[in-house]
Amino acid sequence: MSSDELRSWIRSADDKSFRDHIIDFTNNSPRTRVRDLHGPIGAARDRCPVQPGSQSEIAGFADYRTMQVFSDRNQFSLLGFAEVRGGFGDADVYSSSIHNETIGQVWGETLLGMDGEQHRHYRDLIAYAFRRKALEPLREKVVEPIVDGLIDRFAGLGRADLVSDLTLLFPVYVIAELLGLPRRDVAQFTAWAVDTILIFHDPVKALAASKLLADYIASQITERRRNPGEDMISQLIAAEVDGQHLCDQEIINFVRILLPAGAETTSRSTSNLLFALMTQPDQWADLRNNPELIDAAIEEGLRWEPPLTSLNRVAVADSELAGVRIPPRSIVACNISAANRDPSRWDRPDLFDIRRPQHAHVAFAHGPHTCLGMHLARMETRVVVEKLLRRIPDIELDTTEQAPEIRGIGFRSPLTLPVAFTPEGGDHQIRASDWTDADLLTLDDALNRLKSELEDALGEIATLRADDAGEDTISPAEQRISAMRARIAHLGTRNRPTAPTQPTGGI
């Protein structure tokens, strides 16, 4: 499929089911209840960069994790930049094997839980699919048409939710394209992958999703062995280091983590960056006038609000950091959020500033476990920012909607990001000859989707009214009504030309 064909398919793809699944998963997660994380974590760091207890306890929240491993062992949190960087870098003292006891229950033994020679060997094989030569064509062939196709859906409307309409979706489509998944399977693959993260508080559902996902990936591997292509699964099958290849189970385990560990983090980091730029319009204006600052803005976004707040290690030897003794078998949380706002490294670290002097952060961890997909993640985010700057440069926060906020612990990002802008192309009349059948179908599809959302919201309200008869309640659904009505009105009243008829009856 060509880039134009991919863009056209994305423009009209039906992704409501997996989008709603991710939104419901996020909104209902106990992680999402946490609002102010940086305040209490930062105050604890400033008292001592190593603290006993989990990050939830330090921040004053009940730990959402129900696994026995967390209640049976001592827990410590590294909060200072130097301490977190040291925790990531010293695998001989702080092992990654704790992941095999936790998320490994649903993802299997993966790169995340390996150390030493095993980790180096496996990483070398996996890195084959992430080498720069393999990633270079992806921008033009995959990422750009996907982002453009999603922006096509709302660029003419004048309003959008950058989370549900863009950042939630584009990394999922990128991963699906990289893996060469049949497009009809994207929604189901996404739902299973997302549900594996429930292992921390709903193990039954998580384990069931893990099994279904493994069976599906196994069938894809069998197909690629028969008919190899240019996709990542085919590349993993072909990868060879010192005569060694990945077995099917190793490929299954790696593919199983790609969407939750890769797409979700990219979705959240891009959302966090856009949140910072939209809520601080002077920063967006600076970026619009100086697009050479895009890379600096991406790094500042990763520093200021990393998508992943911490990563666990387990102490394999008795150690001491910042005067605090950490006994063997203790779980050690390397808190990325606190480290990236350490005032000993950054001036006024709580401020988002795309022009601040650049210092290395730990959003992608550090040492042997530095994120393998960081180059892809940066490239994806850069494409999103570039496309928004080029296509709808006057985009700004929609103040008629409820103000967005970043929430979460473990994973952290805004739930919504409503924006308004001048519709792409302005208000000038569009000639009928400029419209293709695909354009007309896209407009009809957008209108139908908005009508469907409105009907769903009205149904929610009717149910609430029946349940809460006599009470003056306002549901979240009602808060979405005015915006959807405005968007529908804009679509319905827009000067929509009729597609030109083809001449008949000869020349």
- Message: Condition first: among the hydrophobic types (A, V, I, L, M, F, W, C) and within 12 Å of residue 391 (Cβ to Cβ). Now tell me which residues in region 150-173 satisfy that.
- Response: 150, 151, 154, 155, 160, 166
- State which residue is nearest to the chain's Cα centre (by Cα) when the search covers only region 234-255 and only residues that are charged (D, E, K, R) and modelled with pLDDT of 90 or more. 250
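Let's see how each residue does on (1) closer than 30 Å to residue 422 by Cβ; (2) touching a Gly at 6+ places or on another chain (Cβ under 9 Å):
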residue	(1), (2)
338	no, yes
350	no, yes
353	yes, no
358	no, no
367	no, yes
373	no, yes
381	yes, yes
385	yes, no
390	yes, no
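When region 222-243 is examined, which residues are found to be among the β-branched types (Val, Ile, Thr) and either within 17 Å of residue 110 (Cα to Cα) or touching a Ser or Thr at 6+ places or on another chain (Cβ under 9 Å) (or both)?
Initially, region 222-243 is screened for residues among the β-branched types (Val, Ile, Thr), giving 222, 233, 237, 241.
Those that are among the β-branched types (Val, Ile, Thr) and either within 17 Å of residue 110 (Cα to Cα) or touching a Ser or Thr at 6+ places or on another chain (Cβ under 9 Å) (or both): 233, 237.
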- Message: I'm checking my understanding of the structure. Among residues of region 368-415 that are open to solvent by less than 20 Å² (accessible area, probe 1.4 Å) and charged (D, E, K, R), which one is nearest to residue 160 (Cα to Cα)?
- Response: 398
- Condition test on residue 96, is it closer than 30 Å to residue 141 by Cα, over 21 Å from the mean Cα position of the chain (by Cα) and modelled with pLDDT under 95? no
- When both residues are 6+ apart or on different chains and their Cβ atoms are under 7 Å apart, which pairs have a first residue that lies in region 190-208 and is more than 13 Å from residue 103 (Cα to Cα), and a second that is of a type in the set (D, E, K, R)? 205/195
- Working only within region 129-144, note down all residues that are touching a residue at least 24 places away in the same chain (Cβ under 8 Å) and open to solvent by 10 Å² or more (accessible area, probe 1.4 Å). 130, 132, 134, 135, 138, 139, 140, 141, 142, 144
- Task: Just one of (1) surrounded by 15 or more Cβ atoms within 10 Å (Cβ to Cβ); (2) within 25 Å of residue 144 (Cα to Cα) trips up residue 252, so point out which.
- Result: (2)
- Message: Condition first: open to solvent by less than 30 Å² (accessible area, probe 1.4 Å) and in a strand (DSSP E or B). Now tell me which residues in region 303-323 satisfy that.
- Response: 310, 312, 313, 314, 315, 319
- Query: When region 122-142 is examined, which residues are found to be of a type outside the set (Lys, Arg) and not in a helix (DSSP H, G or I)?
  - Reply: 136, 137
- Query: Hey, residue 95 hits all of (1) free of Cβ contacts under 8 Å to residues at least 40 places away in the same chain; (2) farther than 30 Å from residue 403 by Cα but one; which does it fall short on?
  - Reply: (1)
- Message: Quick check on region 57-74: of everything there that is aliphatic (A, V, I, L, M) and touching a residue at least 60 places away in the same chain (Cβ under 8 Å), which residue is surrounded by the fewest Cβ atoms within 10 Å (Cβ to Cβ)?
- Response: 69
- Note on the structure: Taking region 327-354 and the residues there that are surrounded by fewer than 20 Cβ atoms within 10 Å (Cβ to Cβ) and acidic (Asp, Glu), the one that is nearest to residue 40 (Cα to Cα) would be 350
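Against the condition under 21 Å from the mean Cα position of the chain (by Cα), crowded, with 24+ Cβ neighbours inside 10 Å, on the phi < 0 side of the Ramachandran plot and at pLDDT 95 or above, how does residue 297 come out, does it pass? Give the steps one after another, and end with the answer.
Values: under 21 Å from the mean Cα position of the chain (by Cα): yes; crowded, with 24+ Cβ neighbours inside 10 Å: yes; on the phi < 0 side of the Ramachandran plot: yes; at pLDDT 95 or above: yes.
For residue 297, the condition - under 21 Å from the mean Cα position of the chain (by Cα), crowded, with 24+ Cβ neighbours inside 10 Å, on the phi < 0 side of the Ramachandran plot and at pLDDT 95 or above - is met.
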- Task: Starting from residues that are assigned to a helix (DSSP H, G or I) and among the β-branched types (Val, Ile, Thr), keep the ones in region 12-51 and report whichever is surrounded by the fewest Cβ atoms within 10 Å (Cβ to Cβ).
- Result: 23
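The values are calculated or read from the model by the stated rules, or taken from the named source; none is laboratory data. Quick caveat: nothing in here was measured; it's all calculated off a predicted structure. Note that each Cβ is placed from the backbone with ideal geometry, even for glycine, and that neighbours are counted across all protein chains shown. Only protein heavy atoms, including side chains, enter the accessible area calculation; ligands, DNA and RNA are left aside. Shrake-Rupley method; radii C 1.70, N 1.55, O 1.52, S 1.80 Å.
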